[in-house]
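Here the structure comes first, spelled out in structure tokens, and everything after it is commentary.
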Amino acid sequence: MNQPIASTRAATSPSDLRNETPSAPSRVALRRAWLTVHRWLGLTVGLLFVLLGLTGSLLVFDHAIDEWLNPNLLLTEGVGPRRPLAEAVAAAEAAYRGEPKQAAALSSPRVENGVWIVWFQGGTEEEPVFSQVYVDPYTAKVIGQRVWGEDLMSWIYKLHYTLHGGDFGETLVGVGGLIFMLSIGSGVYLWWPLWKNGWRAAFAVRRGSRFNYDLHKTLGVLSAAILLVIAFTGVYMIFPEWVKPMVTALSEETLPPTDLESSGRPGRAPLTPEQAIAIGQKVYPDATFCHFHPPQGEDGVYEVAFRQPGEVQRSFGRTQLWIDARTGDIVAVRRPQDFTAADTFIAWQFPLHNGEAFGLIGRWIVFFTGFVPAILYTTGFLLWRRRRRSRRRQQRSVPHNRQYLAPNTDADARGAAVLSR
């Protein structure tokens, strides 16, 4: 947050500097250094912050926007009883154009008139490709299919976290998030002396030549906490291996079970998806079914996910049950009530990032906050341009006025250093 000459004059004048302690020049130098860091971080990496902020705002409501853009694909006008889930999965597997043909998961409709989404995973382990097949719940007919990342909203999603640059782009976004956190911190540091002069100096937004500066520093400091949370959670999701060791040093992380197999008699008819969901619903009668993973192979198990009331993540249930596809026995359970502190910390990261941890209000807050980097960049750029033009005018006028300048004293030099910040 660049500080114009007028504001620094109000905070510190040359006569004040004459009475300051000998450490004042070092504080002035430190402040000027941070101002330079803040200014050039914004000018060089600021456009990346703008891009991430604007795309992040769109992604807060990505599903709703996608349904508005593609109602014929994602919504249905069907009524009456829904067809069995096994029919939906079979229809999706028959219509899917890729390989392998076995469905990896099925997600329940997001809204009342939504469709089933059957997921398929192809590609390689290093570069997986996820495809979605959309099935009408009332007719079990396939409406269409898409590859995730090729439609508009998922394309924006990939732009947001990888810049469509693969691992390198993802790393670039993560490093950009770290730089953004540094930029926010430096801006708060530069703003802090204004708070000592009263709330008007710290928060007032005045018209005229002070408008850009006042808007920059006030909007920046008011949104700093939210921006830091969004930036940190984004960095965590890109670089979890950097943060998890610090978290797990204080609390153990519990991982989902792997390599579970059915213990039932071979040849026994497997459970239907509805039967597996009903088993989980008996354990958690107040929970809402979210999605399931069908058994992979003859000895596989169902993974069924629910969302219990009060779970922090609204878009994805974290109550998971693994159910033997032959016997119906529950072989493993993972639920938020049993989370360790590390599990809870990890579970909060995505809901904090998109605001859903605090419901619709939280989403709207994050949505509007996504526009803040664009405003800060614009006002900061205008301040830098005005400062640059002012310096050029001063440089052009120096030869003409040099004969009228008296020799500088040490105090005058210190005052000039502050006024030029």
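The values are calculated or read from the model by the stated rules, or taken from the named source; none is laboratory data. What you are looking at is a predicted structure, and each value in this text was computed from that prediction instead of being measured. Here Cβ is always computed from backbone atoms with ideal geometry, including for glycine, and neighbour counts include all displayed protein chains.
Within segment 33-68, restricting attention to residues that are of a type in the set (Ser, Thr, Tyr) and surrounded by fewer than 17 Cβ atoms within 10 Å (Cβ to Cβ), which residue is farthest from residue 137 (Cα to Cα)?
Among those that are of a type in the set (Ser, Thr, Tyr) and surrounded by fewer than 17 Cβ atoms within 10 Å (Cβ to Cβ), it is 36.
Check residue 96 against each of (1) farther than 30 Å from residue 183 by Cβ; (2) surrounded by fewer than 20 Cβ atoms within 10 Å (Cβ to Cβ) and name the one condition it does not meet. Only one criterion is unmet by residue 96, namely (2). Residue 126 passes every criterion in (1) modelled with pLDDT of 95 or more; (2) surrounded by fewer than 18 Cβ atoms within 10 Å (Cβ to Cβ) apart from (1). Taking residue 268, is it surrounded by fewer than 17 Cβ atoms within 10 Å (Cβ to Cβ), out of contact with any Lys or Arg (no Cβ under 9 Å at 6 or more places or on another chain) and either basic (Lys, Arg) or closer than 28 Å to residue 319 by Cβ (or both)? Judged against the criteria, residue 268 is not a match. Every condition in (1) small (Gly, Ala, Ser); (2) buried (at least 16 other Cβ atoms within 10 Å of the Cβ); (3) under 23 Å from the mean Cα position of the chain (by Cα) holds for residue 300 except the one numbered (3).
Residues checked against (1) assigned by TED's automatic domain parsing to the domain that holds residue 115; (2) of a type outside the set (A, V, I, L, M); (3) closer than 30 Å to residue 250 by Cα; (4) buried (at least 18 other Cβ atoms within 10 Å of the Cβ):
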site: 283; (1), (2), (3), (4): no, no, no, no
site: 308; (1), (2), (3), (4): no, yes, yes, no
site: 323; (1), (2), (3), (4): no, no, no, yes
site: 331; (1), (2), (3), (4): no, no, yes, no
site: 340; (1), (2), (3), (4): no, yes, yes, no
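Comparison of 201, 231 shows that the only residue that is in contact (Cβ under 8 Å) with a residue 60 or more places away in the chain, over 30 Å from residue 73 (Cα atoms) and touching a helix residue (DSSP H, G or I) at 6+ places or on another chain (Cβ under 7 Å) is 201. Restricting attention to segment 151-209, the residues being within 26 Å of the chain's Cα centre (by Cα) and of a type in the set (Lys, Arg) number 1. Taken as a whole, the condition of being farther than 30 Å from residue 48 by Cβ, in contact with a Pro (Cβ under 9 Å, 6 or more places away or on another chain), modelled with pLDDT of 95 or more and not assigned by TED's automatic domain parsing to the domain that holds residue 307 applies to residue 140. Can you report the number of residues in segment 69-86 which are among the hydrophobic types (A, V, I, L, M, F, W, C), surrounded by fewer than 16 Cβ atoms within 10 Å (Cβ to Cβ) and either under 11 Å from residue 136 (Cβ atoms) or in contact with a Phe, Trp or Tyr (Cβ under 7 Å, 6 or more places away or on another chain) (or both)? So the answer is 1. Answer yes if at least one residue in segment 152-160 is in a loop (DSSP other than H, G, I, E, B) and either out of contact with any Lys or Arg (no Cβ under 6 Å at 6 or more places or on another chain) or surrounded by 16 or more Cβ atoms within 10 Å (Cβ to Cβ) (or both), and no otherwise. For segment 152-160, residues in a loop (DSSP other than H, G, I, E, B) and either out of contact with any Lys or Arg (no Cβ under 6 Å at 6 or more places or on another chain) or surrounded by 16 or more Cβ atoms within 10 Å (Cβ to Cβ) (or both): absent.
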